[in-house]
Each structure stands twice: as structure tokens, then as C-alpha cells.
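Input: a single structure, listed below in C-alpha cells.
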Amino acid sequence: MKQVSLKIVNITKIFKDFKNNEIRAVDNISFEIIPGEFVTLLGPSGCGKTTTLRMIAGFEKPTEGKIFINDINVVEIPPWKRDIAMVFQSYGLFPHMSVGENIAYGLKMRKIQKEESQKKVKEILRIVGLEGFEDRPPSSLSGGQQQRIALARALVIEPSVLLFDEPLSNLDALLREQMRIEIKRIQKEVGITAIYVTHDRTEALTLSDKIVLMKDGKIEQIGNPEDVYEKPVNKFVGEFMGKIFFFPIQVLDILEKETLVRLKDRVYKIPSLPTDKADNYVLGCRTEALKISSDGPIEGKIKTIVYLGESSEYYIDTEYGEIMIRVLSPFDKNLSEGKSVKIDLVPEIAKIIPD
Amino acid sequence: MEQRNWKIIKFLVVALIAFLVLFWVRKTIRNEFSRLFRENSLNLAYSVSAIEPELLTERFPEILYYISYFDGIELQNRPILDVVKSLPDYEYGIENVLYEEFYISQKTVKIDEKQYFVIFSPITKDYEVMGIMIQLHAAENVLKLFRTVDIIFLIVFLIFIAVFSISTFSIDPVTAYATIITFAIVLTFILYPLYEAVRMTFMRTGTFTTKVWKTVLTERAYLKSFSNSILLGTLTATLSTVIGFLFAFMVTRTNFKGKKFVSFMVNLPLISPPFSLTLSLILLFGSNGLITKQILNLNWDIYGLDGLIIAQTMGMFPIAYLTMVGVLESIDSTLEEAAMNLGASRWKVFRTVTLPLSAPGLLSSWLLVFTNSIADFANPLMLGGKFNVLSVTAYLEVSGMNRLDRGAALSLLLLLPTMTAFYLQRYITSKKSYVTVSGKPSGRIVEIVSPSLKKTLSIIVYLIVAFLIGLYSTIFMGCFVKNWGIDYTFTLSNIVEALQRGRKALVDTTFLAAVAMPIAGIFSMIIAFLIVRKKFPGKKLLQGLVLLPFSIPGTLLGISYVIAFNKPPIMLVGTAAIIIINFIIRELPVGVEGGVAALKQIDPSIEEAAQNLGAPPQTVFSTIVLPLIRPAFISSMSYTFVRAMTAVSAVVFLISPRWYHVSMQIYNFSENLKFGLASVLSALLIIIVLSVFGILRVVVKRSEYLQKTII
Ligand SMILES: Nc1ncnc2c1ncn2[C@@H]1O[C@H](COP(=O)(O)OP(=O)(O)OP(=O)(O)O)[C@@H](O)[C@H]1O
Ligand SMILES: [Mg+2]
């Protein structure tokens, strides 16, 4: 399999709406993908993920910027000459062709001999787990099977880069999980460079080598799943990646490897530095960075307890709003609904974020 | 960016070189022709100068001259000396003459808006120069030729620039070429002829004049035709809308017997040849008609307004019917049921619910029929009698009087009401937010007419259908009757004779229609593809232009084709091409609209997937788009074929002895009272048209399952 690097440099895409107003769908973004990497474009609806992907595929022309594939600028190259394959959200299978003809379509465009083409179709059907489906019409397949045919059709031409636009959004929850594992397995098996668009953070976290998190056409953060989850650079990223609580703090001193901050009357040593310069900072804590502790600085009252078996979720009203803390069994029998409690932080995994 | 700059430089350099080369070629051609014309002029000058001056005006009325004898006598037929004196080589010319040499000036002079060559010629007697003669020969021809050469070179240059800039700058050249060619075709064959027609009405021998329009807008006969057209249109539209609504109402709102048969029969007039209903009306009610003469022995015949209304209404109420069926089906019948449950009487439900909800549909049917009626040519031509309508008057001006300019003006006059009605109709249908569309058409019918009224109404429907059947059977009867009106004995000789005499027309027509069919099909699908899927500047303009033929009366299109394509740079009159092109252009809007509707049903990611897998646009079109919109493609083809087979109004101007049309043959036969022959050809056309539609049904049905799986 070809190992291809991809570089997006200062790409901007401006659409005109029907009133001729400008819409900055993608606003000056840059990122790089190393060969064989699986990158996810993640972000809320309308943030420009699809537009970015379509520019890479060549369906949209960037208003500004360059796209390099193996150091060649492909902006002026039409989609049919780009050697990039895409798996569409609605699959885009050819309804008037059989599964076999669908998969062989790209091979035919590449003028590959019939016998060889048929061998490749068989092989790829084996990889996606649909052996013997050659003669079926696509309309007779289930959603998950159609999805895999679309994937097979993209993979069989051995493209430089594989693009996915929310490929699982039309599937039910269970199938989605299976297909997620399947896609990851196949991508690793063929070792292809892939870009995956989704607005589902679980998909992004489980699939990616690298996450590019976008909002309003701009990139908010780039990093591996752990970084993006554990070290969000701002409140938006923190909230987008999962439950997080923010506490106003005062930064006392920034040392070489740690930062001294004060929350109420308590001073904490946070083992990281603020990511950005700002006037005000908050401390971002995910539920695992919070604990119930008799000498904690934050006071609150237990509102609800949700029993989950091996753990329980405590919903506590505090001056900073409702906070959720997950406690593993065995549980403290003294903690019941209506009781006042104190909450403390785990400074090692808390994060200083510009307000 | 650097790469781009290089491309621009390369482009400019090549364009400049091309321009220079073309310019040089043009110059050479002009010089060569100029030399040739001057030589001719000189030759002429030799013979002119040898003639006695008294005979000059008689022998060469075109030539202007000035003669000055050395003994002081001057002769001239126009004051030209002052103009000639302003020539830079005037002195040189005089000098030549004194040495007994002819001289033609390098420049031309302009007198009364016309250009002339100037020849200085000696008048000699016994080898002695007696005087000087200055001759002016018309140079219009050479100038005309130069203009044509210039136009051709301009076109060549523009084509070159277009092709070269696309191949240099476009990342999708095939689409760009397709777009440009489409634009060129549409501009050349829709806009240019119309422009030429308008121009002709304002120009006479090169100068602007409003004389034609003054005549057309003041002469009583013309104004009468115009008001007749409007009158006929109004009456036919009203009657057709009433009948169409009645039929539609009965079919959608009641359970009367023979519904299927009625809705089949109603489709017949829409596809049958234009002269067929007219012909059978003449056979039955003409001056020698079966009913009027043989049975009732009346003094009345059908020619004139009443006959026209009957013929047009029978032919056009199906248009209103189809529109109204669509409208009534989209009005949820449960609304009427609800009103009835609230205690409203049946008549009140109809008046307060059904009628208001179908009002926009009624208006739109009316306008559609109105447009068709006043653009109609075939019925008035055959049945009009003394009742002249605009389309026929325009035709007679052109073919009878050879007054193309008046014909053009009259048919342009026709455009006014057709266009207004057409675009008004479009506007209404685009805003039909009025109508409550229910998602599920309920199979149940709430009858809002009382049983007795239903009976009366169905009898009317049956009678009209029976009349229609009667008309069609008359044509088939006419085929086997020896001499309609005189001798009704059975014979087969008509068939033999009609096939002999009509063979050429039939073969020509079928050939022309068969050639137009695939071209129209593919072309309209390509345009639909460009419009729905591609981005390019001027898309709105293209859409508007493609739609235009919908509202252009065939008469106008025919006349403007004759005007535009009977002169350089495009000379097509008399060829098969002009007829084929006309067929294609006239049916383009229908095909394109069908294609657009079909394409909009198809998920664009199917085509994107194909591109993504390496298929360039032309391959996407042929392997993905065309198979997926096959029903629209086939409909467009068969529609073009049928309409071409049954065309009259435009093609009547374009036929020639070499390429004839069967409709005109039918018309000629019946004008010469050869009703048997006309009947045979009409019947044959009906059979051909019906079988084409039958085949189409089968073919499209088979691919219908496809369409369902796409969405
Ligand atoms: N062809 C277009 N014309 C005009 N605006 C467009 C076009 N395509 C996208 N946009 C706008 O650009 C912005 C980004 O759209 P895009 O489809 O890239 O979002 P997305 O991140 O993929 O969202 P989703 O998760 O909902 O798919 C949106 O505001 C959208 O309305
Ligand atoms: Mg999207």
C-alpha cells in the first residue's frame, strides 16, 4: 500500500449564499498528516468538516490555500485525477450496477484487465467480509452491508488517501459500533492514510491517531485523542470532548514545570503550564479529577444519586453549578441525598484553561 | 501562483500570434478580392468609355459619371465632382488620363450612403484624348463580401480564444467545452433568428425604418387578424377549460363507468397529427360533408370561427384536463368530506371548497390553452375560411406575397400574447402554495355530486368522447371511400395512390424526425446535467434561453429561421439541417425540463463517487447519469420524434422540394379535395405515433423499478 503524506496549508473556503453574503465555511486552516495516519476531523454541525474533506477530494476548490499530497499541490487537479477515494455518508452506490460492477468501476477507469479486476474484487470483498456478494444489486443489501461495499469500492483502487464523511451516521447504534471496529481493522490492515469526518466524539476517540477539532471553520486543537481529551486548550474543546467542570482560579505564579493557582482559600500546584496567555484562567476538571473529601474547598449539597452497580453518580449542587462525581463501590453509607459534602480536586489531572 | 503566471504569459503570446496570423490572412484575402474587383471595374470602364454619352444612362443606369471635354462642355448624371476631388490621388488620376491611361483610385467614395469605385478614363477619338470621364461603379458587393470575411474571421478568432483559454486554464475542460458549445448553439438557433426577425422589421435596404410596423399596426386586415386570434383564443380556452374541468372532476371525484377508457381517449388528441381532427370535421361538416350535405342537406358548413372553436376545443381540452387532474388529485378529498360533515350542502361544498381550491389550476389551464390556441396554425389554415387569424396571415404574407418583413412583424405580434400568457402561467404554477397537498392520496372518493347530476354530467362526458371517437373513425373511413361527398363506394385504391404519391414526404419526414430524435434526447440531457450539476457563469441565462421556445409560436420560429439562415454566415435554407435543427430546438424545453426533474431525484454523491473513482465528467455522464435518467431520456426522444412527425407551423416555412413534410402533403391533398389520400396519410401518422408511444410505454415501464431504487 502506498504511504502518502498530506499537508493542508492555509486553506480558506468562502461560499456565497443566495443573497450573495459571504459564508466562511473554512477559515484559514492548516494541518499535516503523516503516512498511514488515521486523522479525524471533529466538530459540531456546520463547522466546515465536510467542506474541508470535499476540498481534499477536489469537489470544492479552495478560495485560498494549498493542499499537498506528497509535496505536490493538487488544488488545480480535478477529482478524477487525484487518486483519493471517498466513502460518502449516503454511500453513493451505483443503483444500476451489481455489487461486483460497483467495486470494479474504479478499476475499469484505471484500465485494469478483467481477470485481474475480478480477482481484486473477490479479495476486497473478503476483506470487508462480504464474500460472494458480487451479483447482488446494492438495493438488496442492508445498510451496514452497503456501507461495507462503499468502503470496498473505495479501497479496491488502492488510493493514496481514503476519506470518510460520517460514514456511520445512517446506521443504528449497535451496527455503528461493529463497523467502527471494522473500519479501524481494515485501515490498519491495508495501512492507508485516512481522514475521517464525524461529529461523534466517541468515534473520534476510538478511531483516530490524531484529532483535528474544528469550530466555525477554524481549528481549535490538534492532538492525539488523549491530549485532546485530557488537555483541552480552551473551554469549547473541554466541553466538546466530554463532561467537564470549570472553576474560576487566580494564577499566582508560573514556575518552570508547574503552576501555582488559588481556588478560594486553597493553593494548588498544577503540574502543567497554561496553554495560552490570558487575563483570566479557569481550572478545568473532568469528573475523574474531582473527589468527595472532608477537607475540600468546595461546598455543596447532594441532589441526586444514580446507582449504576459498580459505581454511582453523585449530582451535587455547588456555588459553581451542578457537579457530577463518579464514585466506585463500596459506597460511603453516610452520603445520601440532601446531605452537605465537600469536594476537592485532583491537581495532577486538572488543567489550566483560558477563560 | 508562479505556474499560473506562466500560463497567462503563454496564453497572451499565443493569442497575439494567432491574432496577427489571422489578421495577415484577412488582409491578404481582402487585398486579393479588392484587386479582382478593381480589375473587373476597369474592364467595365473600357467598354463604358467607348459608348456615346447619350447612350450611357440607358445602357449603364447604375453608373454615375462626370465628363469634361477639353472644349469646355461638361456632362454628368449626378453632381459627383466635389466628392471625387477630395480623393488624395485625384491629381494622379487626371495625369494618367492625359497620358491616355485608365486609372482606378485606391480609395472608394461615398455618395448617398453608398460606396463607389472611382475610375478616371480618357475619352479618345482617333488616338487623341478629347476629354476626361470619371466613372463611379458601385462597390457594395465587395464591401458586403468584406463584412462577411470579417465576421468569419472574428468567429474563428473567438473560437480559437475560447478553445485555447479553456485548454490552458480550466481544470475541467470537457465541461467547459460542453457549456460553451451549448451556449453557442442556443444563441445561434434561438436568439439570433429572433434578433434577425426583429431587425428585418426595422430595416429596409440598410436603413432604419418603422414603416413595416406602421403598416402592420394600422391596416385593418392585420388588426382584424389580431383581434380574431385573441377572440378565438379566449373562446377556445374558456370552452376547453370548462370541458377539461368537467372531465377531471368526473375522473377524480366520482365513480362513473368507463373511467379508464375515457382517460385514455382524452390523451389521443394530444399526440395525433395536427390535421387529423380538422380533416374529419371537414369530412363530416364541410361544404360537401357527410352530415351537413348528405344527411341533413344544410346550407351551413364548418369553415370559420365556429368550426375553429370546435376543432381547437376537441384538440386542446385534454391540456386543460391533464392540468386539472393534477390539481384535483392534490386537493385532499377529505376536506370536502369534512365540509359535508359540517352540514354544508353538496353544491355549497363545491362552491366554497372545491372551486376556490382549484381556481389557480383553472387559470393556469386557461392560459395554457390560450397560448396553444393563438399559436395554432394547422386548424386555422384548413378551417379558417374567411376568418383570418394572425398565424395564417403571417404565413400568407411570407409564402403568398413574399413579404418576409411583414410576416416577421405579424408573427412577432403573436409573441406578445403567447409570451405573456405563458410566463403568467409559469408564475401561477410556481406559487401554488394554495393547494393543500396531502401526503397520501386517499383511495376513497367522497362523492359531492348528487346521483342525478352525476348521471347528467356523465352523459355529457360520454357524448364528447363519442364525438371524439366519431372523428377518429371518420378518418379511417375516409381511407376506404372512393370520392368523399360524391361517391361512397368502398375502395383500396386510395391506399395505393397515397403511398405512391406520399412516399417521398413520408420517408423524408421519418428520416428527419429519426435524425432529430437522438440528438434532441442527448442534447437535452446534457443541458439538464449542466444546469443541475455544474457551476458556470450565465447559468440562469442559459436556463431562460432554453425555456424560450416554449412560448415562441411555431410561425415565428419558422419565419425567423428563414430570415436568419438564408444569408451568410449561416446558409441553411433548403437543407435537411435547418428542419432537423428546428425540430430539436422546439422540443428542447420539454426534454430539458424532464431531465432536470429526473436529475434532481438523484443523490449527487452517486456522481461524485464516480468522479472520485477516476471517471471524468463525460464518463460520469455516459455510465452513470444517462442510465439513471433513462426514462426522461427516452421520453424526450420519443416526444421529439412524435412532435417532429406531426409538426406544421414552423416546418411549413422550412420545407423545400428536396425535403418535404408529410403534414404539408396531407394539407395539399385535402386542399385539392383528395380527401381519401389525406385520410390515408393521417391514419398512417396516427398509427406511427401511437406505436411509438406504445413502445415507449413498454421500455420505460421496464426501467421504472430503477427510479424507485435511486431515491
Ligand atoms: N455549497 C454551499 N453553499 C453555501 N454554503 C455552504 C455550502 N456548503 C456548505 N456551506 C456552508 O458552510 C458551512 C460548513 O458546512 P459543512 O458542510 O462543511 O459543515 P459540516 O461540518 O460538515 O457539518 P455537518 O456535521 O452538519 O455535516 C455551513 O455553514 C454550510 O451552511
Ligand atoms: Mg458534513
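Scanning segment B:489-516 for residues that are under 17 Å from residue B:679 (Cα atoms) and surrounded by fewer than 14 Cβ atoms within 10 Å (Cβ to Cβ) returns B:489, B:490, B:492, B:493, B:496, B:500, B:503. Of A:213, A:162, all but one fail to be within 14 Å of chain B (Cβ to nearest Cβ), open to solvent by less than 20 Å² (accessible area, probe 1.4 Å) and either away from ligand 1 (no atom under 16 Å from the Cβ) or within 11 Å of the chain's Cα centre (by Cα) (or both); the exception is A:162.
Residue count for segment A:45-56 satisfying the condition of being more than 6 Å from ligand 1 (Cβ to nearest atom) and open to solvent by less than 40 Å² (accessible area, probe 1.4 Å): 4.
Of all residues in segment A:14-44, those being within 12 Å of ligand 1 (Cβ to nearest atom) and open to solvent by less than 20 Å² (accessible area, probe 1.4 Å) number 6. The strands (runs of 3 or more DSSP E) located wholly in segment A:268-307 that include 2 or more residues which are of a type outside the set (A, V, I, L, M) and open to solvent by 10 Å² or more (accessible area, probe 1.4 Å) occupy A:298-307.
Only one of the listed residues (A:14, A:34) is more than 14 Å from ligand 2 (Cβ to nearest atom), within 23 Å of residue A:187 (Cβ to Cβ) and more than 9 Å from every other protein chain (Cβ to nearest Cβ). That residue is A:34.
Could you grab me the full set of residues in segment A:91-121 that are free of Cβ contacts under 8 Å to residues at least 12 places away in the same chain and either within 11 Å of chain B (Cβ to nearest Cβ) or part of a loop (DSSP other than H, G, I, E, B) (or both)? I'd like the intermediate steps shown before the answer.
Restricting attention to segment A:91-121, the residues satisfying the condition of being free of Cβ contacts under 8 Å to residues at least 12 places away in the same chain are A:96, A:101, A:108, A:111-116, A:119.
Matches in segment A:91-121: A:96, A:101, A:108, A:111, A:112, A:113.
The helices (runs of 4 or more DSSP H) found entirely in segment B:562-640 that carry 3 or more residues being away from chain A (no Cβ under 14 Å), in contact (Cβ under 8 Å) with a residue 24 or more places away in the chain and open to solvent by 10 Å² or more (accessible area, probe 1.4 Å) are B:576-600.
Quick one: which residue in A:189, A:203, A:230, A:239 is within 16 Å of ligand 1 (Cβ to nearest atom), of a type in the set (D, E, K, R) and either within 14 Å of chain B (Cβ to nearest Cβ) or at negative phi (or both)?
Values: A:189 fails: within 16 Å of ligand 1 (Cβ to nearest atom); A:230 fails: within 16 Å of ligand 1 (Cβ to nearest atom); A:239 fails: within 16 Å of ligand 1 (Cβ to nearest atom).
Going through A:189, A:203, A:230, A:239 in turn, the sole match is A:203.
Scanning segment A:60-90 for residues that are assigned to a loop (DSSP other than H, G, I, E, B), within 12 Å of chain B (Cβ to nearest Cβ) and touching a helix residue (DSSP H, G or I) at 6+ places or on another chain (Cβ under 6 Å) turns up A:60, A:90.
Which one is nearest to residue A:225 (Cα to Cα) among residues in segment A:191-204 that are open to solvent by less than 10 Å² (accessible area, probe 1.4 Å) and away from ligand 2 (no atom under 16 Å from the Cβ)? My answer is A:194. Considering the conditions (1) more than 8 Å from chain B (Cβ to nearest Cβ); (2) assigned to a helix (DSSP H, G or I), residue A:139 is excluded by exactly one of them, (1). If you check residue A:276 against the conditions, is it in contact with a strand residue (DSSP E or B) (Cβ under 7 Å, 6 or more places away or on another chain) and modelled with pLDDT of 90 or more? Here the answer is no, as residue A:276 does not meet what is asked. One residue is enough: does segment A:173-190 have a residue meeting the conditions more than 16 Å from ligand 2 (Cβ to nearest atom) and outside any helix (DSSP H, G or I)? Scanning segment A:173-190 turns up no residue that is more than 16 Å from ligand 2 (Cβ to nearest atom) and outside any helix (DSSP H, G or I).
The rows are residues; the columns are (1) modelled with pLDDT under 90; (2) crowded, with 18+ Cβ neighbours inside 10 Å.
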{"position": "B:313", "(1), (2)": "no, yes"}
{"position": "B:321", "(1), (2)": "no, yes"}
{"position": "B:333", "(1), (2)": "yes, yes"}
{"position": "B:353", "(1), (2)": "yes, yes"}
{"position": "B:357", "(1), (2)": "yes, yes"}
{"position": "B:373", "(1), (2)": "no, yes"}
{"position": "B:393", "(1), (2)": "no, yes"}
{"position": "B:399", "(1), (2)": "yes, no"}
{"position": "B:402", "(1), (2)": "yes, no"}
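Scanning segment B:404-434 for residues that are open to solvent by 90 Å² or more (accessible area, probe 1.4 Å) and within 19 Å of residue B:373 (Cα to Cα) returns a single hit, B:416.
Please enumerate the residues belonging to segment B:153-169 that are open to solvent by 40 Å² or more (accessible area, probe 1.4 Å) and of a type in the set (S, T, N, Q). Result: B:167, single match.
The values are calculated or read from the model by the stated rules, or taken from the named source; none is laboratory data. Since the model is a prediction, treat every value here as computed from it, not as a measurement. Don't worry about glycine lacking a Cβ; one is built from the backbone with ideal geometry, like all the others, and counts go over all protein chains shown. Accessible surface is based on the protein model in full, side chains and every heavy atom, while ligands, DNA and RNA are left aside. Shrake-Rupley method; radii C 1.70, N 1.55, O 1.52, S 1.80 Å.
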